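Report on one structure; see the data block that follows.
The values are calculated or read from the model by the stated rules, or taken from the named source; none is laboratory data. This one's a predicted model, so the numbers in the text were calculated from it and none came from an experiment. For neighbour counting, all protein chains shown are included, and Cβ atoms are generated from backbone atoms with ideal geometry for every residue, glycine included. In case anyone asks, the SASA skips ligands and DNA or RNA and just uses the protein heavy atoms, side chains included. Shrake-Rupley method; radii C 1.70, N 1.55, O 1.52, S 1.80 Å.
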Amino acid sequence: MRKSSLFTLIAIGVSSLSSAQSSKPVPTQIAPTQIDRDLFEVTVPKLESLYAAHKYTITQVVEWHLARIHRYNGIYRPVETVMEKDALAQAAKEDAESSSASHGPLWGIPIVIKANTSIKGQITTDGWAGYIIPRKQLIAPQDATVVARLRAAGAILIGHTNMPDFAASDTNRSSSFGRTGNAYDVRFSPGGSSGGTVTAVTSDMAVLGNGTDTGNSIRMPSATSAVIGVFPTRGLVSTAGIAPLDWLLDNTGPIARNVTDAAIALDVMAGIGSSGHPTPDPADPRTADSATKAERGPYTNYLKPGSLKGKRFGVPSFILHGRDVPFQGLAATVSADAAETEEEHDTTPLRPETRAAFLKSIEALRAAGAEIVFDDNLLPDSFAKTASRVGTLPYIREGTESFLKNYGPSYYHSIEEYEKFTGHKIPEVISGYQQTTDRRGLPAQPPSLLESDPSAQANYYDPREKTLQIYLDTLDRYHLDAYVYPATQMPPPDETMPQDGGISGGPHSETSWANIIGVPAVVVVGGWYPGGLPFGLEISTRPWHDGDLLSWAYDYEQHTHYRHPPVLVQQGLLPNAP
């Protein structure tokens, strides 16, 4: 575990020794059982009430969460970089300002940030060993937009969370830090690529955090770990300052233990102002229309009991059939026959135990007053086939170049400069495929700029618009409010055992179509597998209806109360897992 400074292990319950304290009286001795009881599974509103009552200082709360990281990070390994010195300094600063009249909505809330999201002065590892080479590290010159907004809201950044290299995996194993284990059983995968954040949040190492999602990477890990994962409408939240895997598919959103905290965090990340409108970010052109298209915030206003009553949810038949959409699609250079072969190869059947968990989870929707619609013609296999032709691979280099230009360190600001300075190649997964074939052995178009590529209409714009229109037309034809489906096709795999003859690639899902068309989705705790691992239920709806989406998630949560925290261990079975 790398740390931004040396630390002294702080025992749970020890009162702060910081000289910068609130002017209000606070307890000098706090029994461990008392602080544990108050802070374990604490919500943002509850923590703010504890601060208002002057029961704890921010420093004490930050110390409590840091102590949990120190206690359990050696086993589960969700936090790659512990920012102890900076976190305690910021906590002391906020303690000293506690008597001021107003605070941000996340004032004093300890949070974690995924390691592909820039934090000024910290290494943006992106999960890759190539960005942590001594004296050649990718040290962020400025905060990502979401980080700046979270800081401005008063959040305390306590760590960067582990993730697979470039976010390009369904499990959470990185060359920069190693493997993250599932908090409910360390032998099992937490999913990827936001597996570090979900494990830290579900384990009470932080109150909430951010994830990123290029094909399922907020939603699938949230499903494995009994947390709420929000995939906003693309353009609601800026991705500027986040190292891209595929900038045309990337998104970022909050991960929290409950819907209320997720809604509060989404308000902050979207820049919801006093007018209730999100704040566009000039550094991310896709946010330009957010203020006029998004539902008016704050999103906490949508969290009302009874929201599910009378709503109609459709189940996409292609997901039940196991028909997948190849990640990053199939560009126009790929023939119809080759595309059909690749689509068949990517098929991931819905496991019987996951189907059973899904059917049980939708009974809770019905009990809350919703109607569930099954029909073989409701987003059939042909929908997945159409979505498969949205090809983004030719354009991935453009995103990496833009990121390094604006968020790279002083000694390199492009792929070429990185390779010259370090003597290492940036892998093609983010630099583009220069050969005649891509990673799948399919015909590859050389790296191109989307704005000037004459093939962009056939590769991207036309099939994307067609896919989105089918999605919306189906909602209209069946009079649906949303779609509902399993967030994964299988339970989290046991990574001590071979999976399909090799090292586990993590639990897989068939939800990358949401990234392709940019529609909002949320994962809620949908129940539990017989072995004790979580099952996640996913809901998606029309673009810019993020408030409605959260209202349904909230009502489901209030009806079911499925979440329970993991029981963590201090000795594990896999201290040196690959």
If you check every pair at least six apart or on different chains, which have Cβ atoms under 9 Å apart with a residue in segment 69-92 that is within 13 Å of Gly121 (Cβ to Cβ) first and a residue that is surrounded by fewer than 19 Cβ atoms within 10 Å (Cβ to Cβ) and among the aromatic types (Phe, Trp, Tyr) second?
-> Lys85/Phe7
Hey, any hits in segment 105-113 for a residue that's assigned to a helix (DSSP H, G or I) and open to solvent by 10 Å² or more (accessible area, probe 1.4 Å)?
-> no
Look through segment 129-166, keep the residues that are closer than 21 Å to Glu428 by Cβ and in contact with a Leu (Cβ under 9 Å, 6 or more places away or on another chain), and return whichever of them is surrounded by the most Cβ atoms within 10 Å (Cβ to Cβ).
-> Tyr131
All but one of (1) closer than 30 Å to Arg286 by Cβ; (2) in contact with a Phe, Trp or Tyr (Cβ under 6 Å, 6 or more places away or on another chain) hold for Glu84, so report the exception by its number.
-> (1)
Spot the failing condition for Phe166; the list is (1) assigned to a loop (DSSP other than H, G, I, E, B); (2) over 30 Å from Ser274 (Cβ atoms); (3) under 21 Å from the mean Cα position of the chain (by Cα); (4) hydrophobic (A, V, I, L, M, F, W, C), and only one is missed.
-> (1)
Pull up segment 168-189, narrow it to residues that are closer than 19 Å to Arg257 by Cβ and of a type outside the set (Phe, Trp, Tyr), then point me to the one that is surrounded by the fewest Cβ atoms within 10 Å (Cβ to Cβ).
-> Asp185
Here are Thr202, Thr197: which of them is farther than 19 Å from Leu47 by Cα and crowded, with 24+ Cβ neighbours inside 10 Å?
-> Thr197
Report yes if Lys114 is of a type in the set (Lys, Arg) and touching a strand residue (DSSP E or B) at 6+ places or on another chain (Cβ under 8 Å), otherwise no.
-> yes
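Residues checked against (1) without any contact (Cβ under 8 Å) to a residue 60 or more places away in the chain; (2) open to solvent by less than 10 Å² (accessible area, probe 1.4 Å); (3) farther than 25 Å from Leu450 by Cβ:
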{"position": "Ile242", "(1), (2), (3)": "no, no, no"}
{"position": "Pro254", "(1), (2), (3)": "yes, yes, yes"}
{"position": "Arg257", "(1), (2), (3)": "no, no, yes"}
{"position": "Ala262", "(1), (2), (3)": "no, yes, yes"}
{"position": "Leu266", "(1), (2), (3)": "no, yes, yes"}
{"position": "Gly273", "(1), (2), (3)": "yes, no, yes"}
{"position": "Pro278", "(1), (2), (3)": "yes, yes, no"}
{"position": "Ala288", "(1), (2), (3)": "yes, no, no"}
{"position": "Pro305", "(1), (2), (3)": "no, no, yes"}
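Please determine whether any residue of segment 74-82 is modelled with pLDDT of 95 or more, part of a loop (DSSP other than H, G, I, E, B) and among the β-branched types (Val, Ile, Thr).
Of segment 74-82, the ones modelled with pLDDT of 95 or more are 74-82.
Those left that are additionally part of a loop (DSSP other than H, G, I, E, B): 77-78.
So of that shortlist, the ones also among the β-branched types (Val, Ile, Thr) come out as none.
No - not one qualifying residue is present in segment 74-82.
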Flag for Glu428 being open to solvent by less than 70 Å² (accessible area, probe 1.4 Å), free of Cβ contacts under 8 Å to residues at least 12 places away in the same chain and acidic (Asp, Glu) | yes
